1. Asp321 - would you say it is in a loop (DSSP other than H, G, I, E, B) and more than 19 Å from Pro273 (Cα to Cα)?
2. Considering Leu627, Leu604, Leu671, which residue is open to solvent by 30 Å² or more (accessible area, probe 1.4 Å) and within 29 Å of Asp163 (Cβ to Cβ)?
3. Within segment 198-216, can one find any residue that is within 30 Å of Asn416 (Cβ to Cβ), assigned to a loop (DSSP other than H, G, I, E, B), open to solvent by 20 Å² or more (accessible area, probe 1.4 Å) and among the β-branched types (Val, Ile, Thr)?
4. For segment 435-450, which positions are in a helix (DSSP H, G or I) and open to solvent by 30 Å² or more (accessible area, probe 1.4 Å)?
5. Could you count how many residues in segment 483-514 are touching a residue at least 40 places away in the same chain (Cβ under 8 Å) and either open to solvent by 30 Å² or more (accessible area, probe 1.4 Å) or assigned to a loop (DSSP other than H, G, I, E, B) (or both)?
6. Mind telling me which of the residues Val611, Val620, Val636 ends up being more than 22 Å from Val274 (Cα to Cα) and open to solvent by less than 10 Å² (accessible area, probe 1.4 Å)?
7. Would you be able to say whether some residue in segment 369-390 is at pLDDT below 90, within 25 Å of the chain's Cα centre (by Cα) and surrounded by 14 or more Cβ atoms within 10 Å (Cβ to Cβ)?
8. For Leu551, indicate whether it is aliphatic (A, V, I, L, M), assigned to a loop (DSSP other than H, G, I, E, B) and either open to solvent by 40 Å² or more (accessible area, probe 1.4 Å) or out of contact with any strand residue (DSSP E or B) (no Cβ under 7 Å at 6 or more places or on another chain) (or both).
Amino acid sequence: MSVSGRRLLDEITTQIDRSTVVACDVTYPNANVAFELGYAVGQFKRVWLSLDPSIANAPRDFNRSYLGLLGLGYSSYENHRELAESLLADAPWNSSHEVLLGDTYRERRPHSEDATLLYVMPPISTDAVIAVQEEISESIFRRNPILDDPREFANPTLEWYADKVCDADGVLVHLLSDDHRDTTAHNTRASWVAGLAYGMNRPLLMLAHAQFVCPTDYQTLLHVHDTAEQASLLFRSWHQPFDIRPRRPRRPALSSPRVPQPLQLRDLSLGEPVAENEVTRLDEYFVETSAFFEARSADVSIFVGRRGTGKTASFVALADDLRRDRRNHVCTVKPVGYEVDGLIHLLSERWKAAERGFLVESLWKFLIYSELAKSLIESIEARPIHGQTTEEEQALVDYVTQQSDVLLSPFSQRLNRAVGQLRGAGGLSDIEDQRARISENLHIEHLGRLRRLLGSALHSRHRVAILVDNLDHQWQAGSNTQALSTLLLGLLRATQEIVGDFQRNLERRRRVNVAMTIFIRSDIFSQLEPLATEQDKWPVRRMTWNDPDLLIRVIEERLSHAGQSTLDAKEIWELAFPAAITDMPPKRFSIENTLPRPRDVVFLAKEAVAVGVNRKHEAVTEDDMLLARKRYSNYVFGSILAEDDPQRLMMESILYEFAGSEREVSKADVLSRVRQAGVPEPDNESYVHLLCDVNFFGIRTASGYTFSEHENERSVLLRLAEKLAIENEWGDVWFKTHPAFYDVLQIE
């Protein structure tokens with residue numbers, strides 16, 4: 001290329017625009033190649049990939065970066081002659097029409113009603129990521145941010161990204177510094193998404209943590225930030241010039257009759273597998289379970305479930321359901337993140353056991369009371385001009401406004417500031433001094449007055465619901481699980497006290513009908529249980545999906561609300577999906593090839609439709625379903641990596657040891673493979689348990705192989721399996737790999 005005096009990015013993209021074929025070598029992870037490949041896909045170019053498998057880890061790196069994303073193969077070579085011969089033999093210029101994105105992505109499509117942002121997030125909650133999320137929550141995108149969070153939704157596919165980029169009013173791509181963990185894998189994928197967005201002509205902002213050596217291609221697009229504040233300012237200055245006017249609804253109102261329309265596969269929108277990305281539509285097709293109905297009327301509830309079982313969906317649906325009654329007030333506590341290091345230092349100080357408990361419970365009381373006051377003031381300010389404010393409400397507004405620096409800042413800032421002010425209190429020798437320091441810095445005296453004002457302002461409400469989610473989001477690789485356990489256990493203990501305090505009618509403290517619901521991951525809750533006393537008194541509601549009919553309902557509710565067709569779910573199953581896949585009806589195929597979670601069955605069905613649309617099929621074919629299963633298998637492989645032990649991080653190496661294995665394996669074989677993966681001997685047994693907990697393995701019992709629903713059931717099943725192995729002379733405890741992993745690990 002002649003680049004002298006020319007903008008590199010313009011010259012590179014111009015050459016791609018002029019080309020019939022874009023050939024990329026993907027032997028090594030390379031951000032420039034990823035960006036150019038994404039741009040070529042967004043420009044509907046025929047792409048051709050090559051890779052030298054003799055380079056150590058090259059095939060594995062390709063699988064991690066591109067296989068699940070694009071579903072493409074590559075041409076192998078070991079020298080320049082083989083590379084030339086492969087290119088000439090494939091002759092991709094003779095099949096230039098075989099592009100990855102179908103015509104539906106070329107057409108102008110209606111955008112969502114609200115301004116939409118696609119945020120490609122790193123897998124690490126840095127201060128800058130937290131600050132940007134808080135900035136998003138206050139921006140024009142606050143109602144409809146699409147978060148591409150690899151911890152929640154691993155391995156999105158090409159069609160998912162293309163849909164989101166097409167719908168987005170802006171795309172924000174956040175890169176990690178060169179020193180961060182998982183930098184190469186994340187930055188390769190993020191660079192590809194940036195190239196796709198640039199190729200599809202969407203407004204694009206690229207941010208990177210310092211220190212970062214910027215790839216040549218997108219130097220003019222990238223902004224490197226040293227601090228979280230800089231990241232916030234960069235995002236704010238980028239999106240403020242946007243002039244996005246309100247758009248008409250893309251779907252008819254629920255009350256208006258549907259105009260009869262024939263079924264079209266391209267209109268069959270099944271929503272999002274991740275509830276965070278479909279807040280505005282979830283109420284249309286949320287499936288209400290028994291746990292949901294119980295939590296709606298209980299004073300205290302603890303929702304416990306694995307990733308993808310519907311905790312956040314229940315959180316959103318419960319809030320929407322309670323808000324429909326105007327006599328209620330709903331306070332949702334869902335921080336985007338918080339700084340953990342300061343908390344770790346604080347809790348590691350020399351506290352007496354009683355004072356540590358007092359500290360954590362007082363901290364939660366301060367955070368919950370201030371969050372409730374903040375939410376009530378926001379609801380008062382959101383009233384129309386003619387709406388009346390009572391004297392009691394105005395008294396609360398006046399008081400909180402005076403204390404705005406303490407009570408109105410975002411949750412993470414309040415927590416971080418309180419932790420910082422309490423540092424050193426644990427080193428005080430006198431217990432009374434410790435308590436005084438806690439009371440002073442957590443504004444206990446303010447909380448008493450705040451409680452009185454809240455009681456006066458809320459006592460006439462029929463129900464005041466406090467819903468808490470996302471507090472376990474910091475439980476990730478490298479995190480101090482002991483400190484986080486102390487924090488979360490303190491919340492569970494403080495919940496009963498907070499609810500009891502509001503429901504008592506004391507002098508100058510009016511009674512309020514407060515209820516609290518907490519949502520927490522099953523693997524984290526299992527670590528909290530041994531630390532707690534009186535576990536049997538905890539109002540735990542397990543979120544499990546052991547009923548196949550209930551899982552099918554999740555799909556059918558979405559089918560009933562998809563597109564403009566007046567057909568019911570049964571008719572759509574018959575018209576849109578094949579009669580059989582590998583001799584199984586589509587419903588049974590969907591259940592048997594996915595883990596028993598709503599997120600998984602939605603992913604498979606959505607991918608099948610996306611593949612069919614991209615191939616210009618009038619209905620999903622058997623081949624479409626099989627390709628969707630392969631993509632799902634890559635997705636689920638990545639999703640269980642997010643459930644790895646954050647202190648050990650050996651899950652990926654262990655899973656690859658089962659590539660090509662038999663479906664049924666003995667415990668001795670499992671332990672051998674775990675050791676071959678490099679896991680230290682003391683951790684071998686815990687990884688066997690974890691493989692069962694994430695449903696990679698089912699456990700052999702008298703009635704066949706059973707996949708445990710939670711950690712307590714797994715413990716019982718393993719003990720039972722050991723007993724049965726002796727009685728029935730099986731020789732060992734036996735496990736069976738879930739069919740969801742057959743494709744990705746090439747298990748026959």
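1. no
2. Numbers: Leu604 fails: open to solvent by 30 Å² or more (accessible area, probe 1.4 Å); Leu671 fails: within 29 Å of Asp163 (Cβ to Cβ).
Going through Leu627, Leu604, Leu671 in turn, the sole match is Leu627.
3. Within segment 198-216, the subset within 30 Å of Asn416 (Cβ to Cβ) is 205-212.
This time we only want the ones that are assigned to a loop (DSSP other than H, G, I, E, B), so: 210-212.
Going one step further and asking which of them are open to solvent by 20 Å² or more (accessible area, probe 1.4 Å), we end up with 210-212.
When the remaining residues are screened for being among the β-branched types (Val, Ile, Thr), the result is none.
Scanning segment 198-216, I find no residue that is within 30 Å of Asn416 (Cβ to Cβ), assigned to a loop (DSSP other than H, G, I, E, B), open to solvent by 20 Å² or more (accessible area, probe 1.4 Å) and among the β-branched types (Val, Ile, Thr), so the answer is no.
4. Residues satisfying the conditions are Arg435, Ala436, Arg437, Ser439, Glu440, Ile444, Glu445, His446, Arg449.
5. The total comes to 11.
6. Working: Val611 fails: more than 22 Å from Val274 (Cα to Cα); Val636 fails: more than 22 Å from Val274 (Cα to Cα).
The match here is Val620.
7. no
8. Numbers: aliphatic (A, V, I, L, M): yes; assigned to a loop (DSSP other than H, G, I, E, B): no; either open to solvent by 40 Å² or more (accessible area, probe 1.4 Å) or out of contact with any strand residue (DSSP E or B) (no Cβ under 7 Å at 6 or more places or on another chain) (or both): yes.
When the stated conditions are applied, Leu551 does not pass them.
The values are calculated or read from the model by the stated rules, or taken from the named source; none is laboratory data. What you see is a predicted model, and the numbers here were worked out from it, not measured in a lab. All Cβ positions, even for glycine, are placed from backbone atoms using ideal geometry, and neighbour counts span all protein chains on display. Accessible surface is based on the protein model in full, side chains and every heavy atom, while ligands, DNA and RNA are left aside. Shrake-Rupley method; radii C 1.70, N 1.55, O 1.52, S 1.80 Å.
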